[in-house]
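Since the structure comes first, as structure tokens, the remarks are kept for the end.
The values are calculated or read from the model by the stated rules, or taken from the named source; none is laboratory data. These numbers come from a predicted model, not from an experiment. Note that each Cβ is placed from the backbone with ideal geometry, even for glycine, and that neighbours are counted across all protein chains shown. For the accessible areas, the whole protein counts, side chains as well, though only heavy atoms, and no ligand, DNA or RNA atoms are used. Shrake-Rupley method; radii C 1.70, N 1.55, O 1.52, S 1.80 Å.
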Amino acid sequence: MRTTGTGTTRPAGGGTGEDDGGGDGGGATAVWDLAADTRAAARARALTRRSLRRWRVTGTADIDDIVLIVDELVTNAVVHGTGPVHLALRLEATRAGVRLTGEIGDADPRAPGVPAGPPPVLDWSEDGRGLLLVASLATEFGARPAPPGKTIWFTRDLDPLDTPALTADTPAN
């Protein structure tokens, strides 16, 4: 896992519509705008699972971890951000295999703090653990300004045995 933290830059990317088959390198992209309400995280989980299933990602650990990352980041955007929540997922071939990139944006420009690691004393509270989970499950993650707000991004390198070979004509649906 490599955490690049807040204030880092990652290329903005992706398609312009839900589950379009486009993207660079023969990848697949899905993009949604979600209302910033209590149902946003549940909707994001369902949309993420559906896209991963359509893209034939089969690794149970990969799917569960990606859904949890999306859930945590969308929840943070609703609780700590403003405006609608933008969710984009992109699956692409790399030299090393297959990588999923997720981006969650909102209209609040304040970037989250970098997680400091587990607390030195056992703490059963449920608050303040989201970015720690993201840091432990993502290959890398960070934040970048995206006026008027910010985008929190993550990547996850997928197990090549549990993902399809991506080619230029691999459909997203």
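Take T58, project a point 7 Å from its Cα along the Cβ direction, then tell me which residues of the stretch 80-106 have their backbone nitrogen under 17 Å from it.
Under 17 Å, as judged by backbone N against the label point of T58, lie 98 of the stretch 80-106.
Before I look further, what does the stretch 32-86 give for accessible area per residue, probe 1.4 Å, in whole square angstrom?
The answer is 49 Å² per residue.
Hey, can you grab everything whose amide H is under 5 Å from the amide H of L34? Only 5+ residues off in sequence or another chain; H modelled, so Pro and N-termini drop out.
Here the answer is V85, H86, L87, since their amide H atoms fall under 5 Å of that of L34.
So, in nm, how far is label D108 from label R49 when the simple model puts each one 7 Å beyond its Cα toward the Cβ?
Result for the modelled spin labels: 2.7 nm.
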